[in-house]
Amino acid sequence: MNRAQRRAANKANQKRLPSRMQPVGREQWPSDSDPSRIAVFVSQEFMAQVFAERPGSRVSVNRVQIGGSGWKAEISWDELQQVKREIGMGDAWAVEIFPPDSQVVNVANMRHLWVYGLDEAPGFGWTKKGEDL
């Protein structure tokens, strides 16, 4: 896809997609038919796919804009938190994992959050000043 085609595709996405994350009908889900996929959400900025994991869910997030080598990168912490909130997981603890070099799999500009319905905060988490974990 050349630069003009990328610009046209990105502009079309801005017009047809909602400004906030909205669920996507199963008929529009990615065609790889991953049986662990349980939900897909999309907005003008992001797509979030939710996969069943034990004990919780994995949320894979990418931008919907297309760059020179695929999806545009650079998703900030604030943007990830906003996506998590907009897909209904704002009250849950989530973890992003950075594996050892020997286990890195980097095939697309995606970020992954593992979301757990914990009854209490994990020991490695922190809270606002004056609140206990």
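Where a number appears in this text, it was derived from the coordinates with a stated rule and is not lab data. Predicted model, so just to flag it, every value in this text is computed and none were measured. Positions of Cβ are backbone-derived with ideal geometry, glycine not excepted, and every protein chain shown enters the neighbour counts.
A compact table of results
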read-out: Filtered trypsin sites (Lys or Arg not before Pro), segment 82-133: DSSP coil and at most 13 other beta carbons within 10 Å; value: K128, K129
read-out: Estimated inter-spin distance, R85 and D119, nm [label 7 Å along Cα→Cβ]; value: 2.9
read-out: Net charge of Cβ neighbours under 14 Å - reference E96; Lys, Arg +1; Asp, Glu -1; value: 0
